[in-house]
Structure formats: C-alpha cells, structure tokens
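The values are calculated or read from the model by the stated rules, or taken from the named source; none is laboratory data. In this text the structure is predicted, and so the values were computed from the model without any measurement. Note that we place each Cβ from the backbone using ideal geometry, even for glycine, and neighbour counts take in every protein chain shown. Note: areas computed on protein heavy atoms with side chains; ligands, DNA, RNA excluded. Shrake-Rupley method; radii C 1.70, N 1.55, O 1.52, S 1.80 Å.
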Amino acid sequence: MPAYEWRLPPGFPRPVVPAGNPMSAAKVELGRRLFHETRLSSTGQYACASCHRPELAFTDGRARALGATGESVKHSAMSLANVAYNPAFTWSGARVRSLESQMRQPLFTQHPVEMGLSSGGRAAVKALSAEAAYRDQFAAAFPGDTAPLSMANIIKAIAAFERSLISGRSAFDRYVYDDDPTALTDSEKRGMALFFSVRVGCAQCHSGLNFSGPLIYQGHEKQGALFANTGLYDVDGRGSYPVHDQGLIDVTHRAADMGKFRVPTLRNVALTAPYMHDGSVPSLEQVIDHYARGGRKSPYQDSRIRPLALSQTERADLVAFLRSLTDREFVADPRFR
C-alpha cells in the first residue's frame, strides 16, 4: 500500500499514527463517507457530522450537543481541527488517548444517548454490508482482512479520516509561517502581541501549534493534556462546580481537580461559539470579559487567571487576533464534506 500523503501546512510536524491503524488514502476516503453516514446511529438520522459540521470547524453551534434521540449531552461538541495531535480526548478526562478509543463513547453510550448503537453495532454493520459500494471500499481500505466490513474497521476508518483534518492556513499562519507581513491587520498584530504577552498571559494555557497546550507528534509521543479551572463557576462559595458536571474531579476524585476541563484549541475559534465546556459564554467578547474579571476567584481556580486591566481597544484587538485564527480553506475543503 502506498504511503499516505499528509499535505501538512508549513511548520506542522508529522502526526503519530497507531501501528494497528496505518493511514491510507482509501481508508481516509472510506472514513469520510462513514463520518457522514446516518445509519451509524440508532435512529438512522444522525451521523458524526451532525455534531461536527465542517463549516463550523467540526462543531455544531450548540451550547451542548444533541444525541440521535434529541437528548442533550453534558458538553459542547469539541472541534476536530488538528485532532491528530491531541494527547487526550473528551473535556474532562485524560485516560482516553486515541481516536479509536474515544469513538466508542459517542457510538455506544446510552446515558445519555449520542449515536445510540446497541449490540456492538451489528445492525449498522448489516445495513452497510448490503451495499456493494461499501463492500468494495472496505476491501480496498483493509486489504488482506478476511472480514473487512466490521465495526472495528468502521472505527478505524473514521479515526483515519479525523486524523486528516489538519488546519493550518489561517491569516495567523500566513503571517508566521509564510512570513507575509500583510496577512494580519494592525489590530490583529496588536492583539497577537497582547495574547502572547506576560501581562495578559493567554498563551500560558493556549500555547503551542494548536493553541491548546502540549501536543503529541512523531518524536514527542508522551505529552499529557492540559486541564484548567477557569473560574467559570462557584456554586457554593467554596469553589464547587454544578454537581452534574464538575470536570476532571469526576474521573480522578481528587479535590484539586474540581472544575478542571481540558484546554481546547483556539484555531477557528470565531466559528465555534458558544464557548467553554458547557457553551455558557455566547461570544468571544464575553470570553474576554470573563478573563478580564479574573474569573470567580474560587479556591480551585487556576492561579494564572487573574484580573486584567484592558482598555476597550485592547479587548477589540484581542478579539481581532482570535478571529485571525480562522482557516477558511479548512472549513471549505471538499475533501472533508
């Protein structure tokens, strides 16, 4: 099988790929089709793309995502831009460390229902197996497999497609990696300087290639994800978050992890409103206001979040810089639709 052509943007390292699921053009194309396949849901009307819409940088525009039956899940749908570099998945856990493992949650979880498949997805496999085009595509994507059309291979193909979702051609990228001084406006340049400044400190958490903290890539496979309490809630005066969704503490049961959620990417952030893990902040301007206030100053809040004296011009410049992270080529790319 020929080597997969990554077509990486300037400055982007080669992603890590599991040995048990090598990349191929045939597998990625099959995964693209499956990503938009509604028969991978219990209702036959819901697909991965229902919550991860390409034009919204693979989010859905909702505060909290909806499952196949219309039931709300806990969190907003995270962007899949550059998901190949993630050291961990989900908003509030660090244990799921591969796309293949992560995918089992939306496919099979029943409380709440996301895709809602039961019995290991046997009905979905049977439905797809009835189509000659799918049988041919699975055989091409998994050569040598005696039973290529299986749920395990459905998961592998979608994971391969998701690894191909590389975003790195925003105005910011053209300014930094193409050395194009005209790519950013004066306001965006001022906002960039503020973003990376010690005084404002956004980049203390939103660092690295994906503006999300540590990443994994070839030669750097052992990085851990960054989690932070942004001071979004203090429901009891002692720093607690709402009991139904308290972040990393729900997994680790350590008091210090109260309200900690994974730091998300800021790439294409202008397209991914509303914001925060529960979609409780409607706009970028209100996100800046939240951080400028210094959060709710709870005992568990990250110490890097503190009140900021920002002028109206500085606030506007920061928002302008965040908007410069939009990659229009990525969200319009026909390979992902």
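Below are the figures for this structure:
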item: Å² of accessible area per residue within region 81-163, as computed with a 1.4 Å probe and no ligands counted; result: 42 Å²
item: Estimated FRET transfer efficiency (SER98, LYS126; beta-carbon r; R0 25 Å; 0.05); result: 0.40
item: Three-way shape call for region 54-179 based on the alpha-carbon gyration tensor, with the a/c threshold at 1.5; result: oblate
item: Relative packing of 10-19, 268-277, 170-179, which averages over residues the other C-beta atoms within 10 Å, highest first; result: 268-277, 170-179, 10-19
item: Cross-link pairs LYS74/LYS189; LYS126/LYS222; LYS27/LYS222; LYS189/LYS297 - those with Cα-Cα distance over 28 Å; result: LYS74/LYS189; LYS126/LYS222; LYS189/LYS297
item: Rounded, prolate or oblate (a/c below 1.5 giving rounded, otherwise prolate when a/b exceeds b/c) for region 155-313 by Cα gyration tensor; result: oblate
item: Among SER129, SER24, SER167, residue whose mean-square fluctuation peaks in a GNM of the chain (springs only between Cα atoms under 10 Å); result: SER129
item: Values of log10 I(q)/I(0), in the order q = 0.06, 0.07, 0.14 Å⁻¹, for the chain under a Debye, Cα-only, solvent-free model; result: -0.22, -0.30, -1.17
item: Difference of contour (0.36 nm per residue) and Cα-Cα distance, THR43 to ALA256; result: 72.7 nm
item: Tensor-based shape of region 73-132 (alpha-carbon gyration tensor, a/c under 1.5 rounded, otherwise prolate or oblate); result: prolate
item: 222 nm mean residue ellipticity, helices alone, for the chain (DSSP H n ≥ 4; -39,500 (n - 2.57); rounded to 500); result: -8000 deg cm²/dmol
item: Residue-normalised accessible area of region 181-259, expressed per residue, 1.4 Å probe, Å²; result: 49 Å²
item: Region 20-67 - percent of accessible surface contributed by carbon and sulfur, probe 1.4 Å; result: 50 percent
item: Degrees between helix 132-141 axis and first principal axis of the chain (Cα, 0 to 90, nearest 10); result: 70 degrees
